[in-house]
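None of the figures in this text is laboratory data; all of them are computed from the coordinates on show. From a predicted model like this one, the values you see are computed outputs, not experimental measurements. Virtual Cβ from ideal backbone geometry, glycine too; neighbours counted across all protein chains shown.
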Amino acid sequence: MKYFLLLSLSLSCLTAGAQTSDITALLADLEAKTTHYGDLAHQIWELAELGYQEEKSSQLLQEELRQAGFTVEAGVADIPTAFVATYGSGQPVIGFLAEFDALPGVSQQAVPEPKARPGSEAGHACGHHLFGTASTATAIAVKDWLREHGGSGTIRLYGTPAEEGGAGKVYMVRAGLFDDVDAVLQWHPSDGNSADAGSTLSNKSAKFRFYGTASHAAAAPQFGRSALDGVEAMNHMVNMLREHVPETTRIHYVITSGGEAPNVVPAFAEVFYYIRHPDMAEVRDIFNRVVRAAEGAALGTETRMEYEVIHGSFNLLPNETLARVMHRNLQKVGGVTYTAAESAFAEKLSATLPEQRQKDLASAGEISPFAAPEKPYPASTDVGDVSWAVPTTGLRTATWVPGTSPHSWQAVAAGGMSIGTKGMMVAAKTMALAAIELFEQPEICTKAKAELDRRRGADFKYEALLGDRKPPLDYRN
């Protein structure tokens with residue numbers, strides 16, 4: 001209740017158009033529903049469904065929104081688990097993003113020590129169960145406010161699958177689902193609380209498949225042509241390429257198939273590549289150079305190569321106009337305060353982190369100063385494509401113990417208990433206040449659109465990095 005009381009003390013700072021009593025009621029309603037939304041998020045945490053396989057997780061959020069009075073269109077952009085939920089009519093149109101996919105290989109129980117969850121090999125190591133649930137809570141809360149307040153305005157919640165390497169949002173942008181939106185608000189789980197005007201890395205990935213000729217590796221190796229040799233030759237050339245690309249480039253790969261037995265010359269091998277850079281034009285260029293390395297590897301090993309682009313996402317385009325709105329409202333909401341039990345959990349979990357990552361646990365209650373960092377955050381997200389189509393901003397809240405890295409078992413553990421739920425509700429409250437400010441002052445959206453036009457340039461034309469391919473619904477298989 002401590003951080004809710006801080007909200008009440010801050011109400012005098014709200015926009016002049018919004019009635020204090022209305023805002024108080026909205027925040028009180030969200031606070032009262034903490035257990036409900038925590039249970040919903042935990043159901044998705046338990047399901048831990050991978051990208052494009054989130055049938056039950058998507059249905060849970062859709063049903064929550066239908067029951068709240070939203071019209072839901074499912075299966076949009078040729079993606080069975082993608083959906084758009086709408087309430088209201090007219091301008092402005094304010095959108096929220098809701099992710100819900102898990103990651104493979106990070107099964108973990110909600111305990112402060114490594115302990116896999118029986119029956120599951122996946123886990124919500126990036127907190128998307130919290131992401132989708134908080135955005136749903138926000139949309140419903142703002143809907144209730146809009147219904148009571150009256151006037152023009154449309155709320156859209158976008159159910160966006162497969163953020164982790166599947167680029168679900170890119171297909172939704174490409175399908176024109178954001179064309180009439182005035183602003184998009186989103187968030188992400190983290191180990192701290194911040195709302196800034198930062199960017200991310202652009203990213204393009206592909207699976208490179210080599211086809212050779214099988215043969216007995218000892219009795220008749222001369223008749224074989226190793227697909228694995230093709231993969232290894234490609235990897236060697238790409239590793240040499242690292243010296244001759246911009247220093248902010250990131251290239252990483254895993255060999256997903258290398259053969260079945262040492263005494264059989266592999267007839268098939270596959271390697272999965274990611275190429276990242278702050279500028280998507282550089283990503284396009286570097287990706288083409290990686291393709292040429294693959295072609296050379298196939299030529300030199302007398303194998304055949306083909307590749308499939310799996311995903312591609314733009315770098316996040318900052319919008320300082322909207323970011324300042326989000327930051328201002330995050331300051332009003334405040335951070336996360338631990339109970340004694342949560343502090344004990346956090347202390348045990350913190351002790352498992354590398355020493356250089358351990359932080360003061362009290363920082364979960366702090367709000368980072370507003371910033372417009374020059375260097376991008378060293379990760380990628382398909383929110384990037386949304387941000388080039390419509391003014392977009394987000395925030396991060398302390399759903400994890402301070403110092404926790406995303407994609408770790410520690411993130412799964414904290415996200416599966418009350419620490420994750422508290423951070424999730426900070427996000428829901430902040431986005432709700434920010435959205436109300438935009439509905440009350442639509443001129444902010446006009447200013448944000450002008451900033452978007454300025455940042456992306458007069459000649460900008462959207463062309464997805466992944467081209468015209470269909471959604472890779474089986475990319476996790």
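Take Asn263, project a point 7 Å from its Cα along the Cβ direction, then tell me which residues of region 216-238 have their backbone nitrogen under 14 Å from it.
216-221
Within a Cβ distance under 10 Å of Leu361, other residues only, what is the Lys/Arg minus Asp/Glu net charge?
For residues surrounding Leu361, the net value is -2.
Is any residue of region 285-329 close enough, with backbone N under 20 Å, to a label point placed 7 angstrom from the Cα of Asn239 along the Cα-Cβ axis, and if so, which?
287, 289-302
Can you list residues whose amide H is under 5 Å from Gly123's amide H, if they're 5+ apart or on another chain and H is modeled 1.01 Å from N?
Long-range HN contacts for Gly123: Leu103, Gly105, Val106.
Could you give each residue of region 158-173 its phi-based ³J(HN,Hα) in whole Hz, using Karplus coefficients 6.51, -1.76, 1.60 with θ = phi - 60°, and x for Gly or Pro?
Couplings: 9, x, 10, x, 6, 5, 6, x, x, 6, x, 5, 4, 5, 6, 5 Hz.
Could you give the length gained on full extension between Ser405 and Thr248, defined as 0.36 nm per residue of separation minus the Cα-Cα distance, in nm?
Between Ser405 and Thr248, full extension yields 54.4 nm more.
Which order do Val390, Val184 fall in if you start with the one that has the fewest other Cβ atoms within 10 Å?
With the fewest neighbours first, Val390, Val184 line up as Val390, Val184.
HN-Hα J couplings of region 300-308 from phi, Karplus 6.51/-1.76/1.60, θ = phi - 60°, integer Hz, Gly and Pro as x?
Here the 3J(HN,Hα) series is x, 9, 6, 10, 10, 10, 9, 9, 10 Hz.
Pairs of alpha-carbon atoms within less than 8 angstrom and 6+ residues apart define the contacts here; what relative contact order does region 202-312 have, in percent?
Relative contact order of region 202-312: 45 percent.
Within the chain, which is the longest segment containing none of the chymotrypsin sites (Phe, Trp or Tyr not before Pro) that sit in a DSSP loop and have at most 15 other Cβ atoms within 10 Å?
1-459
Work out from phi, with θ = phi - 60° and the Karplus expression 6.51 cos²θ - 1.76 cosθ + 1.60, the ³J(HN,Hα) of each residue of region 41-53, listed in order in whole Hz, and give x for Gly and Pro.
4, 5, 4, 5, 4, 5, 5, 6, 8, 7, x, 6, 10
Would you mind getting me the FRET efficiency between Ala379 and Glu31? Use the beta-carbon distance for r and R0 = 45 Å, nearest 0.05.
Approximately 0.90, to the nearest 0.05.
Could you line up Asp385, Asp144, Asp191 from fewest to most neighbouring Cβ atoms inside 10 Å?
Ordered from fewest to most neighbouring Cβ atoms within 10 Å, Asp385, Asp144, Asp191 come out as Asp144, Asp191, Asp385.
How much net charge surrounds Phe223 when only other residues with a Cβ under 15 Å from its Cβ are counted (Lys, Arg +1; Asp, Glu -1)?
Cβ neighbours under 15 Å give a net charge of -1.
Can you compute the modelled spin-label distance between Ala362 and Thr337, with each label point 7 Å from Cα toward Cβ, in nm?
1.4
Just for the chain, what percent of DSSP beta bridges are antiparallel, to the closest 5?
Taking every DSSP beta bridge with both residues in the chain, the antiparallel ones total about 70 percent.
Which order results if His244, His311, His277, His36 are arranged by neighbouring Cβ count within 10 Å, fewest first?
Fewest-to-most ranking of His244, His311, His277, His36: His244, His36, His277, His311.
For Asp180 and Asp279, compute 0.36 nm times the residue count separating them, minus their Cα-Cα distance, and round to one decimal in nm.
33.0 nm
Relative contact order for the chain using alpha-carbon pairs under 8 Å, separation at least 6, rounded to a whole percent?
23
Only one of the listed values, (1) 0.95; (2) 1.33; (3) 1.02, was derived from the coordinates as Cα Rg over 2.2 N^0.38 Å; which label is it?
(3)
For the pair Ser21 and Ser89, what calculated FRET efficiency results from E = 1/(1 + (r/R0)^6), where r is the Cβ-Cβ distance and R0 = 22 Å, to the nearest 0.05?
The value I calculate is 0.30.
First select every other residue whose beta carbon is under 15 angstrom from the beta carbon of Lys447; then total the charges, Lys and Arg +1, Asp and Glu -1.
-2
Shape verdict for region 202-312, please, from the Cα gyration tensor: rounded (a/c under 1.5), prolate (a/b greater than b/c) or oblate.
Prolate.
Any chance you could run the full-extension gain for Gln59 through Glu302? It's 0.36 nm times the residue separation minus the Cα-Cα distance, nm to one decimal.
Full extension of this stretch gives 82.7 nm more.
Between region 37-92 and region 242-266, what is the C-alpha centre distance in whole Å?
36
Rounded to the nearest Å, what's the spacing between the alpha carbon centres of region 366-395 and region 404-445? Just the number, please.
Taking the Cα centre of region 404-445 as reference, the centre of region 366-395 is 14 Å away.
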